[in-house]
Amino acid sequence: MSADVARKPSGQNQDPAVEKSIEFFKNVFGGTKVKPFAVRFWDGAEWRHGSDPPQFTLELKHPAALHKIFWRPTEVSLGEAFIFDDFDVHGDLESSFELGDYLLGRDWQLSEKIRLGLKLFSVPRTSQSTDYGTAELRGRAHSKQRDAEAVQYHYNVSNDFYRLWLDKYMIYSCALFHSEQDTIDEAQYRKLDYLCTKLRLKPGEKLLDIGCGWGGLIIHACRNYNVEA
């Protein structure tokens, strides 16, 4: 049986939204075998799941963060909540991923969804500091017009945006790291070379790369394996 502990910031009355958030966490994680973790709230209060030292701390930045994370949770919504600074993670990041897998993979009963949904409605749902700027898509799902708007919203951004976080080859797929010291450039170069080796490319051969992005694989293959694009 796990022991859940709530700690109030010294000399302060606890924010009612914090109390409701703690009750929500108890309902979600009470009796589960999720690794020990802590939740630090915007007022400094803290709640811990498990009797052992927490492996990571989930920091909620504002009262609406709980709703942002748990209302219709998906990989996209969790990623957006992190990017827009609704929450942060301190400590073992890999263990926090396991927590996300638990939330997304659990088969929630209808009665659980209703009970937890009602609790989410009792906490703030909006915050002036979090405007995601999401696409306002109109029309029937997957109609030509709606899908065209979705594609334009996704792709009609400048190269300067992608340069902020991609490698010098502008590759937006996974990389191949051998150690934590590898740079993103090194890992992407290694991935490209691994692909070319697996393809057993020979000089003079032609390589067709459909959906090549900025052409990182084609450029690498032409420069290092003397193939034709």
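Can you confirm whether the range 198-205 contains a residue that is within 26 Å of R163 (Cα to Cα) and surrounded by 15 or more Cβ atoms within 10 Å (Cβ to Cβ)?
no
State the number of residues belonging to the range 210-229 that are in a loop (DSSP other than H, G, I, E, B), loosely packed, with under 13 Cβ neighbours inside 10 Å and not polar (S, T, N, Q).
The number of residues fulfilling the criteria is 2.
Quick check on my filter: what residues within the range 82-99 are of a type outside the set (D, E, K, R), surrounded by 11 or more Cβ atoms within 10 Å (Cβ to Cβ) and touching a residue at least 24 places away in the same chain (Cβ under 8 Å)?
F84, F87, V89, H90, G91, S95, S96, L99
Okay, residues lined up against (1) touching a strand residue (DSSP E or B) at 6+ places or on another chain (Cβ under 8 Å); (2) in contact (Cβ under 8 Å) with a residue 40 or more places away in the chain; (3) under 15 Å from Y102 (Cβ atoms):
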position: D15; (1), (2), (3): no, yes, no
position: K20; (1), (2), (3): no, yes, no
position: N27; (1), (2), (3): no, yes, yes
position: K35; (1), (2), (3): no, yes, yes
position: V39; (1), (2), (3): yes, no, yes
position: A45; (1), (2), (3): yes, no, no
position: H49; (1), (2), (3): yes, yes, yes
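Of everything in the range 150-196 that's assigned to a helix (DSSP H, G or I) and acidic (D, E), which residue is surrounded by the fewest Cβ atoms within 10 Å (Cβ to Cβ)?
The qualifying residue surrounded by the fewest Cβ atoms within 10 Å (Cβ to Cβ) is D160.
One residue is enough: does the range 53-66 have a residue meeting the conditions surrounded by 20 or more Cβ atoms within 10 Å (Cβ to Cβ), under 16 Å from the mean Cα position of the chain (by Cα) and among the small types (G, A, S)?
Scanning the range 53-66 turns up at least one residue that is surrounded by 20 or more Cβ atoms within 10 Å (Cβ to Cβ), under 16 Å from the mean Cα position of the chain (by Cα) and among the small types (G, A, S).
Throughout, read-outs are computed from the coordinates displayed, never taken from laboratory work. Source: prediction; values computed, not measured. Cβ coordinates were reconstructed from backbone atoms using ideal geometry, including for glycine residues, and neighbour counts include every protein chain displayed.
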